[in-house]
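Contents: one structure, followed by commentary.
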Amino acid sequence: MNRLFTLTSAAVLMAASVNAAYAAPNTEDQLSAKDAKAAEASLKLMDQQIAEISDNAFLMNQTIDRTDDFEFQADRLAYLRDQVNRVGRELALIEADGDSLPQWQTDAVNQITPAMHEVADEATQATNTFNADSNRLFASGYGIETKEISDNAGKVAQHLHNDLKLANAEAAEARLTAALDKQNTAVPNKKLGM
């Protein structure tokens, strides 16, 4: 009887320590988890913004021949610059927390940052072309520039979207593995008959 009590006590203490380890990560881990969640939320927002940049540039490209609609192109161009700048600010914030982020987030940021710099340069060139010859956009390089913006932003958005999907799948797999591990290490509640 004493042996059964000792085994049961040891099992309960072991289960309690496992639960405590899952329930109370150290403060540094909590901060890293918060940073990672904030960065993931920013990446999801950027995914949407970059897709909007691509769609906006595509729309701008498709309406170049409407030379009588100067204001439409000017408004779309201002919106494009605003979206590119927002993505740039989000990237800068994530890069500032780079040391505390999961590797996949750091890799995603490192891969999309140069591509977004290229999109920003193309947006600047499109703005310069628009300002120089807004009455003859169809005869300028504006069409090529807006197409490049759309294509490049579309590639960045697709890459980021794929990274986010992969991260979600890996997180779900990790949760399932942890649940299975926890289930496998749990103490059975029934008495074993001998």
Worksheet entry | Filter pass, Ala51 being assigned to a helix (DSSP H, G or I) and in contact with a helix residue (DSSP H, G or I) (Cβ under 7 Å, 6 or more places away or on another chain) | yes
Scan the range 77-100 and tell me whether some residue there is open to solvent by 40 Å² or more (accessible area, probe 1.4 Å), among the aromatic types (Phe, Trp, Tyr) and either modelled with pLDDT of 90 or more or out of contact with any Gly (no Cβ under 7 Å at 6 or more places or on another chain) (or both). yes
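Right, Ala126: modelled with pLDDT of 90 or more, buried (at least 19 other Cβ atoms within 10 Å of the Cβ) and more than 17 Å from the chain's Cα centre (by Cα) or not? Don't jump to the end; show me each part of the working.
Details: modelled with pLDDT of 90 or more: yes; buried (at least 19 other Cβ atoms within 10 Å of the Cβ): yes; more than 17 Å from the chain's Cα centre (by Cα): yes.
In short, yes.
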Counted residues in the range 144-158 being farther than 11 Å from Ala57 by Cβ and either open to solvent by less than 30 Å² (accessible area, probe 1.4 Å) or under 15 Å from the mean Cα position of the chain (by Cα) (or both) come to 4
Taking the range 40-58 and keeping residues among the acidic types (Asp, Glu) and under 19 Å from Asn152 (Cα atoms) leaves Asp47, Glu52, Asp55
Scanning the range 101-123 for residues that are among the β-branched types (Val, Ile, Thr) and under 24 Å from Ile149 (Cβ atoms), the one modelled with the lowest pLDDT turns out to be Val109
Report yes if some residue within the range 131-141 is at pLDDT 85 or above and assigned to a helix (DSSP H, G or I); otherwise report no.
yes
Looking at the range 59-80, is at least one residue closer than 19 Å to His159 by Cα, in contact (Cβ under 8 Å) with a residue 60 or more places away in the chain and not acidic (Asp, Glu)? no
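The values are calculated or read from the model by the stated rules, or taken from the named source; none is laboratory data. The structure presented is a predicted model; accordingly, all values stated were derived computationally and were not measured. When we count neighbours, we look across all protein chains shown, and the Cβ atoms used for this are built from the backbone with ideal geometry, even at glycine. Protein only, heavy atoms only, side chains kept; ligands, DNA and RNA dropped before computing areas. Shrake-Rupley method; radii C 1.70, N 1.55, O 1.52, S 1.80 Å.
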